[in-house]
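S.K.: Submitted below is the structure of interest, expressed as structure tokens.
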Amino acid sequence: MINKKELEYDVIILGGGPAGFSAGIYSARGSLKTAILDINMTGGQPSNYLEIENYPGFSLIGGYELMEKFEQHADKFGVEKFPMVEIEKINLSCDKKEIETNDCIFKSKIVILATGAQPKKLNIKGEEEYKGRGVSYCAVCDGAFYKDKTVAVVGGGNSAVEEAIYLTKFAQKVYIIHRRDTLRADKIIQERAMNNPKIEFIFNSIPIEIQGTNSVESIIVQNTSTKQDTKIQTNGVFPYIGITPNTEMFNGQIKQNPQGFVETDENMQTSLKGVYAIGDVRNTPLRQVITAASDGAIAACSAVRYLDSIPAVTV
């Protein structure tokens, strides 16, 4: 058995997106020894956003650039970062929580869960088969591959419509396939899409199959009213139908809602003392960079108060 190095911190934050970095900044400013662990590179989902125009103080800023600023701010206060770690086990139920990686055991009285969420799958025939060969969940990552081609975006919320607009920079035609007869996106975003000549809407329709040979060539959609199937020629399919929380490593240890999102109180406290949840992973009415950052600040300040209270409680 390999003896793993043990590292102890006041606060361990799982996830290096806007929520995690915000928590790190406030925690470190509260004189707590703080570490951020991430199974990927730090930055979170916003690093993949081409532009952000609703974060106060920046009328327009690239997602990667904004997250660089978050990271630099955390660096200023000495937050330690461990990107690309392979987490093997998480134990949140004991007094001193443990996160075991392939080469270290991290220990802390406080763990802040900022693990985020990932796109939901369509779960239709051809989706897994053509993943990376025409099926993509990131328009910013893969949009340039579709220059002068046709793509289809599935969904009707802000992410779906914004990504469809972005794809028009490359594609000659973009379909937006939505199961309802109206979009859910903000009105200003809807107007931009409606006024874009490259975008065509297919309402009251759901995708039922993705087809192709070596790569995507078409998508079959079914009208929800008539049940009639239609084949649409497309080179790419971009699903934006919602998100699933990244909770696999600690499922069952804390209270979660039926969709798997972590339940918290107003202080971001979960059902376990010393464990907080912030950002997209928690049950929240709004998932934006600004709300993630707010969650992080609240959780870290709550953690500082909790640690200050422990001696009085345990004596």
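The values are calculated or read from the model by the stated rules, or taken from the named source; none is laboratory data. Everything numeric here is computed off the predicted structure, so don't read it as measured data. Here Cβ is always computed from backbone atoms with ideal geometry, including for glycine, and neighbour counts include all displayed protein chains.
S.K.: Quick check: anything in the stretch 95-109 over 24 Å from S271 (Cα atoms) and within 17 Å of the chain's Cα centre (by Cα)?
M.R.: No, the conditions are met nowhere in the stretch 95-109.
S.K.: Against the definition (basic (K, R), modelled with pLDDT of 95 or more, out of contact with any Leu (no Cβ under 6 Å at 6 or more places or on another chain) and assigned to a helix (DSSP H, G or I)), how does K81 come out, yes or no?
M.R.: Spelling it out, it is not the case that K81 is basic (K, R), modelled with pLDDT of 95 or more, out of contact with any Leu (no Cβ under 6 Å at 6 or more places or on another chain) and assigned to a helix (DSSP H, G or I).
S.K.: Hey, F201 hits all of (1) outside any loop (DSSP other than H, G, I, E, B); (2) loosely packed, with under 14 Cβ neighbours inside 10 Å; (3) not charged (D, E, K, R) but one; which does it fall short on?
M.R.: (2)
S.K.: Inside the stretch 244-283, can you point out the residues that are more than 18 Å from L122 (Cα to Cα), assigned to a strand (DSSP E or B) and β-branched (V, I, T)?
M.R.: V262, V275
S.K.: Could I ask something else about it? Within the set of pairs 6 or more residues apart or between chains, which connect a residue that is farther than 20 Å from G17 by Cα and aliphatic (A, V, I, L, M) inside the stretch 228-248 to a residue that is part of a loop (DSSP other than H, G, I, E, B) and modelled with pLDDT of 95 or more with Cβ atoms less than 7 Å apart?
M.R.: V237/G134; I241/L122; I241/G155
S.K.: I've got another one for you. Anything in the stretch 29-54 that is in a strand (DSSP E or B) and modelled with pLDDT under 95? List them, or say none.
M.R.: Correct list: I52 only.
S.K.: Among what's in the stretch 77-130 and is among the polar types (S, T, N, Q), touching a residue at least 40 places away in the same chain (Cβ under 8 Å) and out of contact with any Asp or Glu (no Cβ under 8 Å at 6 or more places or on another chain), pick the residue that is farthest from I39 (Cα to Cα).
M.R.: Filtering the stretch 77-130 for residues that are among the polar types (S, T, N, Q), touching a residue at least 40 places away in the same chain (Cβ under 8 Å) and out of contact with any Asp or Glu (no Cβ under 8 Å at 6 or more places or on another chain), the one farthest from I39 (Cα to Cα) comes out as S93.
S.K.: So if I check each of I298, I219, I241, I232, which one is assigned to a loop (DSSP other than H, G, I, E, B) and surrounded by 17 or more Cβ atoms within 10 Å (Cβ to Cβ)?
M.R.: Of I298, I219, I241, I232, the one residue that is assigned to a loop (DSSP other than H, G, I, E, B) and surrounded by 17 or more Cβ atoms within 10 Å (Cβ to Cβ) is I241.
S.K.: In the stretch 170-198, what residues are more than 19 Å from Q233 (Cα to Cα) and in a loop (DSSP other than H, G, I, E, B)?
M.R.: Hits for the stretch 170-198 are R180, D181, T182, L183, R184, A185, D186, N195, N196.
S.K.: Another question, if that's okay. Inside the stretch 1-48, can you point out the residues that are more than 27 Å from D103 (Cβ to Cβ), buried (at least 24 other Cβ atoms within 10 Å of the Cβ) and under 13 Å from the mean Cα position of the chain (by Cα)?
M.R.: Within the stretch 1-48, P18 is the sole residue that qualifies.
S.K.: Somewhere in the stretch 177-185, is a residue outside the structural domain of E51 (by TED's automatic domain parsing), touching a residue at least 12 places away in the same chain (Cβ under 8 Å) and small (G, A, S)?
M.R.: Yes: the stretch 177-185 contains one or more residues that are outside the structural domain of E51 (by TED's automatic domain parsing), touching a residue at least 12 places away in the same chain (Cβ under 8 Å) and small (G, A, S).
S.K.: Which of the following residues is in a strand (DSSP E or B) and under 27 Å from R305 (Cα atoms): Y26, Y9?
M.R.: On inspection, the qualifying residue turns out to be Y9.
S.K.: Out of all the residues in the stretch 55-69, which are touching a residue at least 60 places away in the same chain (Cβ under 8 Å) and assigned to a helix (DSSP H, G or I)?
M.R.: Residues satisfying the conditions are G63, L66.
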